[in-house]
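The values are calculated or read from the model by the stated rules, or taken from the named source; none is laboratory data. Keep in mind it's a predicted model, so treat the numbers as computed, not measured. Every residue, glycine as well, gets a Cβ built from its backbone with ideal geometry; the counts of neighbours run over all protein chains shown. Only protein heavy atoms, including side chains, enter the accessible area calculation; ligands, DNA and RNA are left aside. Shrake-Rupley method; radii C 1.70, N 1.55, O 1.52, S 1.80 Å.
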Amino acid sequence: MSSIDTPLVEVRNLTKHFGSVIALNGISMVVKPREVLCLLGDNGAGKSTLINTLAGVHQPTSGDFIVGGKSTTFYSPRDALDAGIATVYQDLAMIPLMSITRNFFMGREPMVGFGPFKRMDMKFADDVTRDEMHKIGIDIRDPQQAVGTLSGGERQCVAIARAVYFGAKVLILDEPTSALGVAQTSMVLKYVNQVRNSGLGVIFITHNVRHAFAVGNRFTVLNRGKTLGTYEKGAISIDELQNLMAGGKELQVLSDELGGTI
Amino acid sequence: MSSIDTPLVEVRNLTKHFGSVIALNGISMVVKPREVLCLLGDNGAGKSTLINTLAGVHQPTSGDFIVGGKSTTFYSPRDALDAGIATVYQDLAMIPLMSITRNFFMGREPMVGFGPFKRMDMKFADDVTRDEMHKIGIDIRDPQQAVGTLSGGERQCVAIARAVYFGAKVLILDEPTSALGVAQTSMVLKYVNQVRNSGLGVIFITHNVRHAFAVGNRFTVLNRGKTLGTYEKGAISIDELQNLMAGGKELQVLSDELGGTI
Amino acid sequence: QEVSIIAVTHGQASDPFWSIVKNGMMQAGKDSNVKVDYRAPETFDMVAMSQLIEAAVNQNPAGIVISNPDPDALGPAIEKAVAAGIPVISMNSGIAAASKLGIKLHVGQEELSAGKTVGERLAGLGLKHVLCINQEVGNAALDQRCQGVTEGFAGGKVTVLPTSADPAEIEAKIQAALTSDTSIDLVLGLSAPLVGERAVAVVEKMGNGDKVKVASYDLSASFLQAVADGKALFAVDQQPYLQGYLPVTFMALNSRYGTIPAGNVASGPSFVTQEAAAQVIEKSAQGIR
Amino acid sequence: MSIVADDKIKKTPADERLKKASVATTLLRRPELGAVAGLVLVTVFFLLTANPSMFTLAGIMNFMAPAAQLGILAVGASLLMIGGEYDLSIGSMVAFAGLVFGAALVVWQVPLSVAILIAILMAVVIGVVNSQIVIKTGLPSFIVTLAFLFILRGLTLVGLKWASGGATQLRGMKEAAAGSPLTSIFSGDAFQGLFAWLASNDLIAKFPNGTPQVSGIPVEILWFIVIALLATWVLLRTRFGNWIFAVGGDERAARKSGVPVVRVKTVLFIITALCATLVAVLTVLDAGSTDARRGFQKEFEAIIAAVIGGCLLTGGYGSAIGAFLGSIVFGMVLIGLTYTSIDQDWYLVFLGGMLLVAVMFNNVIRKRVTGER
Amino acid sequence: MSIVADDKIKKTPADERLKKASVATTLLRRPELGAVAGLVLVTVFFLLTANPSMFTLAGIMNFMAPAAQLGILAVGASLLMIGGEYDLSIGSMVAFAGLVFGAALVVWQVPLSVAILIAILMAVVIGVVNSQIVIKTGLPSFIVTLAFLFILRGLTLVGLKWASGGATQLRGMKEAAAGSPLTSIFSGDAFQGLFAWLASNDLIAKFPNGTPQVSGIPVEILWFIVIALLATWVLLRTRFGNWIFAVGGDERAARKSGVPVVRVKTVLFIITALCATLVAVLTVLDAGSTDARRGFQKEFEAIIAAVIGGCLLTGGYGSAIGAFLGSIVFGMVLIGLTYTSIDQDWYLVFLGGMLLVAVMFNNVIRKRVTGER
Ligand SMILES: Nc1ncnc2c1ncn2[C@@H]1O[C@H](COP(=O)(O)OP(=O)(O)OP(=O)(O)O)[C@@H](O)[C@H]1O
Ligand SMILES: Nc1ncnc2c1ncn2[C@@H]1O[C@H](COP(=O)(O)OP(=O)(O)OP(=O)(O)O)[C@@H](O)[C@H]1O
Ligand SMILES: [Mg+2]
Ligand SMILES: [Mg+2]
C-alpha cells in the first residue's frame, strides 16, 4: 500500500445520469500518492460531476470505484471524508452565517470532556483555524467572524485550508483559483505543491492551462462526459494541452487575432 | 461628444463606505469610446464595489461621477441602464427559475399591442435571444428553457450577450472569464474586441493578466480601495503588470519555484 | 329507504357545548332509527355555513335541522331548502326569524335573551361588577351571551375580557383582572370546561373566594363539582342535549307520520345550583348534560 | 454577424448526452400540472365515496361557490408568493373590508358605488402600508403581515361594536344596497334567464314548485374565473408579470437588471388587499351581514391552495391557474365531506390527510414528469 | 510551517480600511440582542401604563406562567427554525399528547411514570413521521406539518370522545396522578418551604390568612429556564449545535461537509414534539383535565416568540435564549393589557401593534449595532 505505484483512488468506467441528462459516460482515472492529477476540460465536460461522485455527493449510476485497493461505495460525503478524501467544492460548501471556526470544523468538530459534558473544544478549534489560515497567507482578525463577511478569495482560502487540514490521503480541488487574485493564486499553487510533497494525492481542476502546467504531474482531459486521454507532463506541450482542453476546437485563429496571449 | 477623446464615463475621487468598512477610498478613472479599460487588482481591492457604484447598485459616499460630460447620480441600476451603461455582474444577476428569454429581457421587455392589450412580444424576444446566443457561440435548444438548467459557462454567456445587446455606450464586465473554459474564454475575448471596435467603451475586470493584455488598451490597477496607477498598453510589460496586480508583492520567488508558468 | 336527516350548526364538533348537541342528535337518530349527519364549519363562519346548508339541500334529506345565529346570512339557503320542500327545524338560535323563513319550529332559546335572564339573576343576588370572559371573541353567539348579561344586569357594570381557549392564559388574565380591578365581584365564564373551571382555580389560589364569586354558562363535571362544593354560584344550563335530541326526533316523526309540534320548545336557560349539581356530574362527564 | 463557425455550436438538437426529449414533456413542465393531478385524484375519491348529488349541476355550483371565494384570495396570494412575499393579513382584511363596506352602506348610508369606492381606497391604503413596512424595514413579510392579521381583526371587532352599537354583527346591507345597478355585478346569480329557460324545458333539474334548482351561476364564480384568467395573462404575457417572477426569483438580481422592485412589491400587496376586499364585498352583499369572524384563517387556506397549485413557498415559481385549480381542490375537500357519510368528528383528520395526499401526489407527478430530483 | 513571509499577511489587526473596531460590538452581535431591547421596551411600556401590581412578585409569576408554557414550545421551535424547518403541528401536538397522556392515566390507569413514558414514545413517533415525510418527499415542512396540524387536532377530538365516552373533555388526571413522586416535578409550585418562610418573616406579601400570596415558583417556569439553558448549551457548545446551524444555513453545503443532515433534522423534529409533550403533561397535571382546544394556535405564538428572539425565518441564525426572551415579551404583552385601563376590545390591535413594534425595534437595534444593511 505504501508503494508509490499503488493508486490511492482508481475509477473505472464510471457513468452518471441525471434524469435524462447523461453527465458522465464512462470515465476512467487513477490518482497516485505524491502526484497532482489535473482534471481538464470544457465547461459542462463533467469535471464537477466526477469529483462530486468521488466525494460521495452523488452515487454513480454504474462503474467501479477502488479506494486503497478495495472496491468501495460512498453513500454520503461523510463516508468519503472518513476514507481520507477531502474536497474543496466549486461552490465551496460553506455556511455564510456561521463563523470561520465553525465552518472550518463543520462535520468534524473537535471534542473535549466526558459523558454528558462532552462539548466542542472551541479554544483548540479557534487556534487551529487561525494557524491554518496564517499558513495559507491570510491573517484573520477573529476566527469567530462570519464567513459571509469574507471576500470571495478569502473564503476560497478557508475552504482550501480546511480540506488540507483534514485531507488524510487525497485532496480534491475544484477550480480553486478561478476567483483568486494573482497573489492568492500563487499561494494556492505553492500549497498544492507542498501537499503533494508531503505524500498526498491531489486532484486539481482548472481552466487555466498555465496553472495546470505549474503544478500537475499528469493531465486527464474530459470531453462531453468521456475521458479524452491522460498525458504525463513531459509528453505534451502547453499548446497541445490547451487545444485538448478546448474540446479539440482550433484556437489558433482566434489566439493569433488577439496577440497570442490567452 | 463624438470625439474619440471625450470620456464616456469619468470617475473622480470616488469613496464608498459600508458601515465601518471603507471599500473605496478615492478612486479616479476614465473610460473613452473605442477602448477597453482593464480594471485589475487583488481580491478585495474594491473592483466589484467600484463597478457596482458605476452601475447604480450602490450610491457613492462621496466623489464625482461624470457621464457623457455631465455630472450624474444614479439612484438605481435602471438609471444606469437608461444612461447606456450595461453591466455583467460577478454574480451574474440572473434568475435561475426563469427562462433564458425572460432573463435576457428582464427589466427591458419588448412590448407589442396597444392600451390594455399591450403585452410582451414573446416571439421577438425568443428570436433575439436565440440570435444573440448563437452569435456568442452557444446554440440553445429552447429559449424557454430555465436558466438554472444551463452550465455555469453557458449562464455567463447569456449575461454577456444580454449586456452587449443592451449596452448602448459602456459595457462593464466583472470577471466574465473566471468560470469559463478555454474555448468560451476565447469567444468572450473576441467578443470584447468586437464590441470595442463597434465604438463602445468597455470596462473589463479580470485576475488573468494574459486575458487583460489580450484585449486591454489601458490598465487601471486598484489596491486596497485606491488607484495604484493607470498604464497604457505600450507603457508596461506583462510581468510588471502582474506584479502590480498582486498588490506589489514579490512573485518572482514563487513563480520561479513553480516553473514560471503562472 | 332509510330516513336521512342533516343537521347544520355553527358550532364546531370540538366545542364542548356543541359536542353535547351532537351527542343528543346521534342518540335521537339511534332511538328513532333514522340516519343523522352532523355538519358544521370549523370556525364561526356564516358564509361557509350557508354553503353547508345548500350542500344539505342538494342531498334532498327528509329534514334539515339548523342553528340560525345570523338569519340575514343564512336566510337565502334556508329559503332554498323550504322551496325544495324539505322541512326545516331551527334550534339554539334564530327564534325570531323562524316563522318568517318558513321554519317549522324552534327548539331552544336565543343566546341574547338567555343572557338577559342570567344578568337579571346576577343583579338579583346584589352583585355589582361582572367580569364576562369570552374565550372566542367574534363568535357572535358567544358575544351575545355577554351582551345579554349586560342588558339584563341593570344597575351594575359588565366588563368583557377576551382570551383564547388556553388554560394558562385564561388563568393569568383572570388573576390580572382581579388584581388590577378590585371592584369585580363575579367572574362569569361563557364555557364551564374552558373558562369556569379556570376561574374557580384562580379565585381559590388568590384566596378571595369570600369576595369574588364564580358562575358559568354550560356544564362540566369539574365545574359542577365546584358548584356542589360551594366554590361557584351556579351553572347556566341550556340543555344542549335536548336542543339536539328533540329536533331530530320531531323530524323523524314528521317524516314517518307527518306530525310536528305546533309551537316552539324552550329548552333553557335553567340554573344548576349547589343542591342539584351533584346529581348532574356523572351525566356531564359523559357529554349528556 | 456570422462570426461563429458551425463546429463551434455546442449543443445541437440531437445531443448524444440526452437520453430522450419529448414535446409533451415541455407542456407538462408547467407548474399547474400537479394541481391538475390533485384535482383528478380528489374528484375520483368523491366519485367513489360521496352522494351522487355532489356532481349534479347544483352540487357543482355548491362546492364551486366556496372554491371561488377562496380562489379569488388564492390567485392574489399566488401572485404575491411568486413575487416572493406572503400576506397573512388577507383573512382579517376580508373582515375589515366587510366592516368598512358595511358601515359605509348602513351607517353612513352612502350609495353602493361610493361604498365600493371607499372599500377599494381602504384596500389600497392597507396594501401600501403593508408593503412599505416590509420594504423599508427589510423584515420578512410573514411577520409584518402577521401583525396586521391581529391588528385588522382587532379593528374589525372594535369597529363592529361601534357601528352596530355593541354587537359583533352588522346587518341590513342587502336592503341598503337594493336598487343599485351594481348589485347584480356583486351579488346573486348570473344568467338567471337562461337557467329558467333551461329548467322550463326540463334540461336542468327543478324544485317541485317549478323553479330551477340552480337559478344561475353565482357571480363569485364568474369573478373567480375572470380574475384567474387576468392574473394568468399578466403573469405570462405582460412586462409586469416578468417582473413578478424576477422579483420573487432573486430580488437583488432583479434590481440589478433594472426591475423596479419597490413598485412591483407595492402593487402586489395592493392586489392582494383588493382581492380580499372583493371577497368581502361579494360575501357581505350575499349574506347581507358581516361579523367579526369573517375570513378567519382564509390566509392559510389561500396559501394552501396556492401551494397545491404549484407555487413555491420560496417565491419565483408558480401560476395563477394553479392557484385556481388548487382552490377548487380545496373547495371540493371542504364541502365534499358533507356529501359522504364520514362523521364530522373526523373532519380535520380528513382535511389534513387530503391536503397531504394532494400535495405529495402533486410532487411525485411533477418529479416524475420533469425528471427533477 | 512558517512558509508565509510576514509581508504576505493580508489583514493586520490595525487595518486602515476599518473605521473602528470595538470589543463591545462583538458582544452585541448576538442574535438575542434585539429580544433584550424588545423586552426593555415592553417593560418600560407597562411600567408606565399598567397597574403597579403587574410587577409585584405575584404579578410576575402570573405572566411568567403562560410565558413559560409558550417558551418551552418556542425554544424547541427555535432549534428547528435554526435548522431550517418549521413545525406547525406543535399546537395540535399539545392537545394530542395531552389526550394520550390523560387517557393513559385515567382510561388505562397506568402509573404516572408509565403514562409519561407512553407520551414520550408517542412524541418520538410523531417527530419521526413528520421528519421522514419532509426529508423523503422534499416537500416544505410548512405544508407537511400544516397537514399534521389538522390531522392531530382531529385525532384529539375523536380520541377524547372515545376516552370520555362522548364529551370533549377528559378529567380526573389529578386524582389518578396523586401520590406519585413524579407529581411534584411536573405540577404545582417549587420551593414552597422557602416561600412560606419568606412570608412568615414578612419578606414577601401574604394573604390576610397568613399564607404567602405566591406559594412558590410554578414548576413550568423552572422547566422553561432549564430547557432554555440546555438548548443554549447544545447550540453553542456541542457538535450537534454546530450541525443545527450548518443544516439550517445551507443543507447541501452541510451534507458536503459530512454533516448527517437526515439525522439532525429527525432529532430536531423529535425535540419539538417532545417540547409539546412536556407542555401537555404540565398543563394536564396542572388543570387536571384536557380538552380538544388545548394548544390552539400555539405554533404561531411559538414562531412569533422565536422571531422576536432573533431567529431568521430562513434558518441558520438565531438563539434559544432569544426565544426565551421572546416568549417573555409575548407573555407580557398577552397578559399585560389586562393590567391597563385600555378597553379590552382593543386587545388584538394591541397585540399586533406590540408585535410589530417589538420586531421593528429589535431589527433597528441590531442593524444599528452590527452596521449591517
Ligand atoms: N444535478 C444535475 N441535474 C441535471 N444535470 C446536471 C446536474 N449536475 C450537472 N448536470 C449536467 O451535467 C453536465 C456536466 O456538469 P459539470 O458541472 O460536471 O461540468 P463541469 O465540467 O464541472 O463544468 P464547469 O467547468 O463549467 O464547472 C452539464 O451538462 C450539466 O448541465
Ligand atoms: N455590502 C458590503 N458590506 C460590507 N463590506 C463590503 C460589502 N461589499 C464589499 N465589501 C468589502 O469591500 C471590499 C472590496 O470588495 P469587492 O467585492 O469590491 O472586491 P473585489 O476587488 O471585487 O474582489 P474580488 O476580486 O475577490 O472579486 C472587501 O473588503 C469587501 O469585504
Ligand atoms: Mg465544475
Ligand atoms: Mg469582485
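Do we have any residue at all in segment D:167-176 that's in a strand (DSSP E or B), more than 9 Å from every other protein chain (Cβ to nearest Cβ) and either within 22 Å of the chain's Cα centre (by Cα) or at positive phi (or both)? There is no residue in segment D:167-176 that is in a strand (DSSP E or B), more than 9 Å from every other protein chain (Cβ to nearest Cβ) and either within 22 Å of the chain's Cα centre (by Cα) or at positive phi (or both). D:V279 meets the conditions (1) surrounded by 24 or more Cβ atoms within 10 Å (Cβ to Cβ); (2) more than 13 Å from D:L79 (Cα to Cα); (3) facing chain B (nearest Cβ under 7 Å) in every case but one. The failed one is (3).
On the stretch given as segment C:1-26, residues that are among the acidic types (D, E), under 19 Å from E:T156 (Cβ atoms) and over 10 Å from the mean Cα position of the chain (by Cα) total 0. Could you go through segment D:315-322 and let me know if any residue there is away from chain A (no Cβ under 14 Å), surrounded by 24 or more Cβ atoms within 10 Å (Cβ to Cβ) and closer than 30 Å to C:M46 by Cα. Yes: segment D:315-322 contains one or more residues that are away from chain A (no Cβ under 14 Å), surrounded by 24 or more Cβ atoms within 10 Å (Cβ to Cβ) and closer than 30 Å to C:M46 by Cα. Among helices (runs of 4 or more DSSP H) entirely within segment A:23-125, having at least 2 residues that are within 14 Å of chain B (Cβ to nearest Cβ) singles out A:47-54. Criterion first (within 13 Å of another protein chain (Cβ to nearest Cβ), surrounded by fewer than 24 Cβ atoms within 10 Å (Cβ to Cβ) and over 24 Å from the mean Cα position of the chain (by Cα)) does D:G193 satisfy it? In short, no. Residues that are outside any helix (DSSP H, G or I) and surrounded by fewer than 18 Cβ atoms within 10 Å (Cβ to Cβ) are absent from segment C:237-255. With respect to being farther than 15 Å from D:I72 by Cα and surrounded by 18 or more Cβ atoms within 10 Å (Cβ to Cβ), D:A205 falls outside the description.
Take B:D142 and decide whether it is open to solvent by 20 Å² or more (accessible area, probe 1.4 Å), more than 15 Å from ligand 1 (Cβ to nearest atom) and closer than 26 Å to D:T238 by Cβ. Considered against the rule, which asks whether it is open to solvent by 20 Å² or more (accessible area, probe 1.4 Å), more than 15 Å from ligand 1 (Cβ to nearest atom) and closer than 26 Å to D:T238 by Cβ, B:D142 comes out as no.
Considering (1) touching a Ser or Thr at 6+ places or on another chain (Cβ under 6 Å); (2) β-branched (V, I, T); (3) open to solvent by 10 Å² or more (accessible area, probe 1.4 Å), the lone condition that E:I328 does not fulfil carries the number (1). Would you check which residues across segment C:153-200 are more than 22 Å from E:V333 (Cα to Cα) and surrounded by fewer than 24 Cβ atoms within 10 Å (Cβ to Cβ) and list them? Correct list: C:A154, C:G155, C:G156, C:K157, C:V158, C:S183, C:I184, C:D185, C:L186. Taken together, the residues in segment E:102-129 that are open to solvent by less than 10 Å² (accessible area, probe 1.4 Å) and either in contact with a Leu (Cβ under 6 Å, 6 or more places away or on another chain) or within 11 Å of chain D (Cβ to nearest Cβ) (or both) amount to 4.
Of all residues in segment B:234-247, none satisfies the criterion of being within 10 Å of chain A (Cβ to nearest Cβ) and open to solvent by 60 Å² or more (accessible area, probe 1.4 Å).
Exactly one residue out of A:I100, A:I66 is more than 16 Å from ligand 4 (Cβ to nearest atom), under 25 Å from A:P143 (Cα atoms) and touching a residue at least 24 places away in the same chain (Cβ under 8 Å): that is A:I100. Just one of the listed residues (B:T185, B:T220, B:T206) is within 16 Å of ligand 4 (Cβ to nearest atom), polar (S, T, N, Q) and within 12 Å of another protein chain (Cβ to nearest Cβ), and it is B:T206. The set of residues from segment E:327-350 being in a helix (DSSP H, G or I), of a type outside the set (S, T, N, Q) and touching a residue at least 40 places away in the same chain (Cβ under 8 Å) comprises E:I328, E:V329, E:F330, E:G331, E:M332, E:V333, E:L334, E:I335, E:G336, E:Y339.
Restricting attention to segment B:175-205, and to residues there that are hydrophobic (A, V, I, L, M, F, W, C) and in a helix (DSSP H, G or I), which single residue is farthest from ligand 3 (Cβ to nearest atom)?
Out of the qualifying residues, it is B:V195.
Under the condition of being without any contact (Cβ under 8 Å) to a residue 24 or more places away in the chain and more than 9 Å from chain E (Cβ to nearest Cβ), which residue from segment A:126-149 is nearest to A:Y165 (Cα to Cα)? Ranking the candidates gives A:D131 first.
Among the listed residues B:V164, B:V192, identify the single one that is in contact with a Leu (Cβ under 8 Å, 6 or more places away or on another chain), open to solvent by 30 Å² or more (accessible area, probe 1.4 Å) and either within 14 Å of chain A (Cβ to nearest Cβ) or in contact (Cβ under 8 Å) with a residue 60 or more places away in the chain (or both).
On the way: B:V192 fails: open to solvent by 30 Å² or more (accessible area, probe 1.4 Å).
One residue alone meets the criteria, B:V164.
Apart from one condition, A:V11 fits all of (1) open to solvent by less than 10 Å² (accessible area, probe 1.4 Å); (2) more than 16 Å from ligand 3 (Cβ to nearest atom); (3) within 30 Å of B:P176 (Cα to Cα); the exception is (3).
Restricting the search to segment C:141-157, which residues are farther than 19 Å from E:F296 by Cβ and in a helix (DSSP H, G or I)?
C:Q144, C:R145, C:C146, C:Q147, C:G148, C:V149, C:T150, C:E151, C:G152
Among the numbered conditions (1) more than 7 Å from chain D (Cβ to nearest Cβ); (2) assigned to a loop (DSSP other than H, G, I, E, B), the only one that C:T43 does not meet is (1).
One residue stands out among those in segment D:356-370 that are at pLDDT 85 or above and within 7 Å of chain E (Cβ to nearest Cβ): the one that is farthest from C:S14 (Cα to Cα), which is D:M360. Scanning segment A:137-174 for residues that are within 16 Å of ligand 4 (Cβ to nearest atom) and not in a helix (DSSP H, G or I) yields A:L150, A:S151. Inside segment C:74-111, residues that are modelled with pLDDT under 90, open to solvent by less than 50 Å² (accessible area, probe 1.4 Å) and under 21 Å from the mean Cα position of the chain (by Cα) make up a count of 9. Of the residues making up segment C:69-115, those that are closer than 23 Å to C:Y241 by Cβ and part of a loop (DSSP other than H, G, I, E, B) are C:P69, C:P87, C:N92, C:S93, C:G94, C:I95, C:A98, C:I103, C:K104, C:G108, C:Q109, C:E110.
Here's the yes/no breakdown for (1) open to solvent by less than 40 Å² (accessible area, probe 1.4 Å); (2) of a type outside the set (A, V, I, L, M); (3) within 15 Å of ligand 2 (Cβ to nearest atom); (4) more than 22 Å from A:V182 (Cα to Cα):
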site: B:G26; (1), (2), (3), (4): yes, yes, yes, yes
site: B:L39; (1), (2), (3), (4): yes, no, yes, no
site: B:K47; (1), (2), (3), (4): yes, yes, yes, no
site: B:L50; (1), (2), (3), (4): yes, no, yes, no
site: B:T53; (1), (2), (3), (4): yes, yes, yes, yes
site: B:H58; (1), (2), (3), (4): no, yes, yes, yes
site: B:S71; (1), (2), (3), (4): no, yes, no, yes
site: B:A80; (1), (2), (3), (4): yes, no, no, yes
